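The values are calculated or read from the model by the stated rules, or taken from the named source; none is laboratory data. The shown structure was predicted, so the numbers you read here are calculated from the model rather than taken from an experiment. All Cβ positions, even for glycine, are placed from backbone atoms using ideal geometry, and neighbour counts span all protein chains on display. Keep in mind that these areas ignore ligands, DNA and RNA; they rest on the heavy atoms of the full protein, side chains included. Shrake-Rupley method; radii C 1.70, N 1.55, O 1.52, S 1.80 Å.
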Amino acid sequence: MLEKLAKQTAIYGISTILGRFLSYLLTPFYTRIFGLEAYGVVTDVYALIPFALVLLTMGMESGYFRFAAKAEAAGGDVAAAKRKLFATAWGITSLAALLFFAVVALWRVPVSELMGEAYIAHPEYVVVVAAIILFDVGGCIPFSRLREQGRALTFVSLKLFNIILQVGLAFAFWGVGLFDSAFGVGWAFVANLVASAVTWLAVMCTTGGIAPRIDWRLLAAILIYSLPLLISGIAGTANEFIDRQLIKYLVPEGAMAQLGIYGAITKIAVVMTLFTQMYRLAAEPFFLSNFKKEEFVAMNAAALKYFVMASMAIFLGIALFKDLFALIVGSDFREGIFILPVVLGANILSGVWLNMSFWYKREERTWFALVVTFTGLVFSIAGGVVLIPRWGYYGAAWSRFLSEAAMVVASWLLNRRYFPTPYDLKRIAEYVVVGMTLFAVGEYVAPQYVDGLWLYGVDVLLFVAFLLFAVRRERIDVGAMMRSVLKRR
């Protein structure tokens, strides 16, 4: 069973890595053509968009996966039941997106004033961003349907198309001098808007002629399941962007410049973010399928161990060479590279509690998500209020880390109380301790004895040492694993 999960993770992962690589070409690009404050606007906007997406999709993605599995278990005309489910989930999210766009477009001036001084001169920025959200939400459930149907190739092709188009337009706009116009950074949002609109049109071709149509009785049932996920999703996404907002409002001077640096450095942690994202894309429909309880428990426990093992390898691969990764961003942004290990650690913790969330989604006890995410939000806000005025973006990085750690603790306590899962905590701790020890050697011990290329050589040896340790500890047949992942169905 875990081979299937690994295979799906690889399919989504290869495409996601390629797509994000293309997308993150914009990070070195934008950090070289925009100043700190202008890039701060980009960071701010792209922190707020995920919040809007979570709010407007209303937890329907997880609800769609769960009710699709229930339709299969119920038997009968499964295809008709899934069509009704798709039409309902798609209909309510599309309606919410249309209403959101209308409200923002009509009240664009007050909205721009609420967002801060940088937006007051350009209220049209918020309209363009609202249109991006409209198309992204409109395509969310059709993309979820592709995942549920196992149509990974179509899914990733459309996602890659979106990214390639956006990156291509951004470079084209720069080539003709649009970024130097009065609209300035707004052209970055226009590139995104065009890509989102064209991708929405493309994904409409996969819907099989089904039109959005809400079955209110079915919607009520889905919302009972999904609303706790919506509320927890809002809190969870708030954890993702609240640090940016606190920088904007709590840093006494140069807030947008600090926000720009923080945003650029967090982009460098892309590989860790990618790994968590590609794992989620594969794991969510996988673990919400109709497995027997004992199968689910065993697979979830094993999955967490391997997730932490892989995450620590990625952590070392980036943190040990952070000075090289700093070259990704413009020179003005590199002063913040010292926060990168903290950001990476927070991303690992995010993936850990994601693994620990599948049991209560499967058991339809989704209100537990509220406990977890609101715990994180409390720590995020409290940590930010205390640390950001003193340490600026460094305080923001630590407040995010504390928030993710609190959610891991809350998730573990709930799991032990209501759905005991035999996570191999000893082995997981072993990978963390070994990984952090090797990092400490490379970061603090080795520089006292070697420098230059010799130091990079030591870092390579430390990274390889962890890989060999993990492979030997788990008795992994690397060749067999790769053949299984690449083997066609």
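Mind listing just one residue for me: the one in the stretch 81-104 that is within 17 Å of Asn192 (Cβ to Cβ) and not β-branched (Val, Ile, Thr) and, of those, nearest to the chain's Cα centre (by Cα)?
Looking at residues that are within 17 Å of Asn192 (Cβ to Cβ) and not β-branched (Val, Ile, Thr), I get Ala97.
Mind checking which residues of the stretch 272-294 are closer than 21 Å to Phe67 by Cβ and modelled with pLDDT of 75 or more? Even if it seems obvious, please write down each step before you answer.
At the first step, the residues of the stretch 272-294 found to be closer than 21 Å to Phe67 by Cβ are 280-293.
Answer for the stretch 272-294, where residues must be closer than 21 Å to Phe67 by Cβ and modelled with pLDDT of 75 or more: there is none.
Between a first residue in the stretch 82-106 that is more than 17 Å from Ala52 (Cα to Cα) and a second residue that is outside any helix (DSSP H, G or I) and among the polar types (S, T, N, Q), which pairs have beta carbons less than 8 Å apart while being 6 or more apart in sequence or on different chains?
Close Cβ pairs satisfying both conditions: Phe86/Thr207.
Mind counting the residues in the stretch 456-466 that are surrounded by fewer than 17 Cβ atoms within 10 Å (Cβ to Cβ) and among the hydrophobic types (A, V, I, L, M, F, W, C)?
The qualifying residues number 4.
Check whether at least one residue in the stretch 386-395 is modelled with pLDDT under 95, farther than 26 Å from Phe321 by Cα and not hydrophobic (A, V, I, L, M, F, W, C), and report yes or no.
yes
Going by the structure shown, is Asn239 open to solvent by less than 20 Å² (accessible area, probe 1.4 Å) and assigned to a helix (DSSP H, G or I)?
Considered against the rule, which asks whether it is open to solvent by less than 20 Å² (accessible area, probe 1.4 Å) and assigned to a helix (DSSP H, G or I), Asn239 comes out as yes.
In the stretch 174-193, which residues are crowded, with 17+ Cβ neighbours inside 10 Å, free of Cβ contacts under 8 Å to residues at least 40 places away in the same chain and more than 15 Å from Tyr39 (Cα to Cα)?
Once the filter is applied, which keeps residues that are crowded, with 17+ Cβ neighbours inside 10 Å, free of Cβ contacts under 8 Å to residues at least 40 places away in the same chain and more than 15 Å from Tyr39 (Cα to Cα), the stretch 174-193 yields Leu178, Ala191.
Considering each of Tyr262, Tyr225 in turn, give the residue that is within 26 Å of Asn347 (Cβ to Cβ) and either in contact with a Pro (Cβ under 6 Å, 6 or more places away or on another chain) or aromatic (Phe, Trp, Tyr) (or both).
Tyr262
Can you tell me which residues in the stretch 408-445 are open to solvent by 40 Å² or more (accessible area, probe 1.4 Å) and in a loop (DSSP other than H, G, I, E, B)?
Result: Pro420, Pro422, Asp424.
Do you know which residues across the stretch 381-404 are of a type outside the set (D, E, K, R) and under 17 Å from the mean Cα position of the chain (by Cα)?
Hits for the stretch 381-404 are Ala397, Phe401, Ser403.
Where the second residue is β-branched (Val, Ile, Thr) and surrounded by fewer than 18 Cβ atoms within 10 Å (Cβ to Cβ) and the first is more than 11 Å from Ala191 (Cα to Cα) and without any contact (Cβ under 8 Å) to a residue 60 or more places away in the chain and lies in the stretch 154-167, which pairs have Cβ atoms under 7 Å and are six or more apart or on separate chains?
Taking only residues 6 or more apart or on different chains, the pairs are Thr154/Thr206.
Test Gln258 against the stated conditions and say whether it is polar (S, T, N, Q), at pLDDT below 80, part of a helix (DSSP H, G or I) and in contact with a helix residue (DSSP H, G or I) (Cβ under 9 Å, 6 or more places away or on another chain).
For Gln258, the condition - polar (S, T, N, Q), at pLDDT below 80, part of a helix (DSSP H, G or I) and in contact with a helix residue (DSSP H, G or I) (Cβ under 9 Å, 6 or more places away or on another chain) - is not met.
Determine which single condition Ala220 fails, assuming it passes every other condition in (1) buried (at least 16 other Cβ atoms within 10 Å of the Cβ); (2) assigned to a helix (DSSP H, G or I).
Ala220 satisfies all of (1) buried (at least 16 other Cβ atoms within 10 Å of the Cβ); (2) assigned to a helix (DSSP H, G or I) except (1).
Sort out which residues of the stretch 53-92 are open to solvent by 10 Å² or more (accessible area, probe 1.4 Å), under 24 Å from Phe241 (Cα atoms) and not hydroxyl-bearing (Ser, Thr, Tyr), and write them in order of number.
Passing the criteria: Leu53, Val54, Leu55, Leu56, Met58, Gly59, Glu61.
Take Lys293 and decide whether it is without any contact (Cβ under 8 Å) to a residue 60 or more places away in the chain and more than 30 Å from Leu98 (Cα to Cα). Working first, answer last.
On the way: without any contact (Cβ under 8 Å) to a residue 60 or more places away in the chain: yes; more than 30 Å from Leu98 (Cα to Cα): yes.
The answer is yes for Lys293.
Looking at Ala303, Ala264, which one is assigned to a helix (DSSP H, G or I) and either more than 30 Å from Tyr423 (Cβ to Cβ) or free of Cβ contacts under 8 Å to residues at least 24 places away in the same chain (or both)?
That would be Ala264, the only listed residue that is assigned to a helix (DSSP H, G or I) and either more than 30 Å from Tyr423 (Cβ to Cβ) or free of Cβ contacts under 8 Å to residues at least 24 places away in the same chain (or both).
Looking at the stretch 444-461, I want the residues that are in contact (Cβ under 8 Å) with a residue 40 or more places away in the chain and within 16 Å of Leu316 (Cβ to Cβ) and have a partner that is open to solvent by less than 100 Å² (accessible area, probe 1.4 Å) and outside any helix (DSSP H, G or I) with Cβ atoms under 7 Å, at least 6 apart or on another chain. Which pairs are those?
Listed pairs, sorted by first residue: Asp459/Leu320; Asp459/Phe321.
If we keep just the residues of the stretch 363-400 that are among the hydroxyl-bearing types (Ser, Thr, Tyr) and assigned to a helix (DSSP H, G or I), which is most open to solvent (accessible area, probe 1.4 Å)? Outline the logic, then answer.
Keep residues of the stretch 363-400 that are among the hydroxyl-bearing types (Ser, Thr, Tyr), which gives 366, 373, 375, 380, 393-394, 399.
Adding the requirement that they be assigned to a helix (DSSP H, G or I) leaves 373, 375, 380, 393-394, 399.
Details: Thr373: 5, Thr375: 41, Ser380: 1, Tyr393: 20, Tyr394: 70, Ser399: 0 Å².
Selected residue: Tyr394.
Could you run through the stretch 111-160 and say how many residues are closer than 23 Å to Arg213 by Cα and among the hydroxyl-bearing types (Ser, Thr, Tyr)?
1
Output the number of residues of the stretch 194-212 satisfying the condition of being assigned to a helix (DSSP H, G or I), touching a residue at least 40 places away in the same chain (Cβ under 8 Å) and either basic (Lys, Arg) or open to solvent by less than 20 Å² (accessible area, probe 1.4 Å) (or both).
Selection size over the stretch 194-212: 3.
Using the structure shown, decide if Phe315 is at pLDDT below 85 and among the hydrophobic types (A, V, I, L, M, F, W, C).
no
Quick one: Pro252 ticks every box in (1) farther than 17 Å from Val42 by Cα; (2) touching a residue at least 24 places away in the same chain (Cβ under 8 Å); (3) open to solvent by 40 Å² or more (accessible area, probe 1.4 Å); (4) not in a loop (DSSP other than H, G, I, E, B) bar one, so which box is it?
Tallying (1) farther than 17 Å from Val42 by Cα; (2) touching a residue at least 24 places away in the same chain (Cβ under 8 Å); (3) open to solvent by 40 Å² or more (accessible area, probe 1.4 Å); (4) not in a loop (DSSP other than H, G, I, E, B), Pro252 fails exactly one: (4).
Restricting to the stretch 318-355, what's the tally of residues that are at pLDDT below 90, buried (at least 23 other Cβ atoms within 10 Å of the Cβ) and not in a helix (DSSP H, G or I)?
Adding up the residues that qualify gives 1.
Could you list all residues from the stretch 108-120 that are in contact with a helix residue (DSSP H, G or I) (Cβ under 9 Å, 6 or more places away or on another chain), of a type in the set (A, V, I, L, M, F, W, C) and open to solvent by 80 Å² or more (accessible area, probe 1.4 Å)?
Within the stretch 108-120, Ile120 is the sole residue that qualifies.
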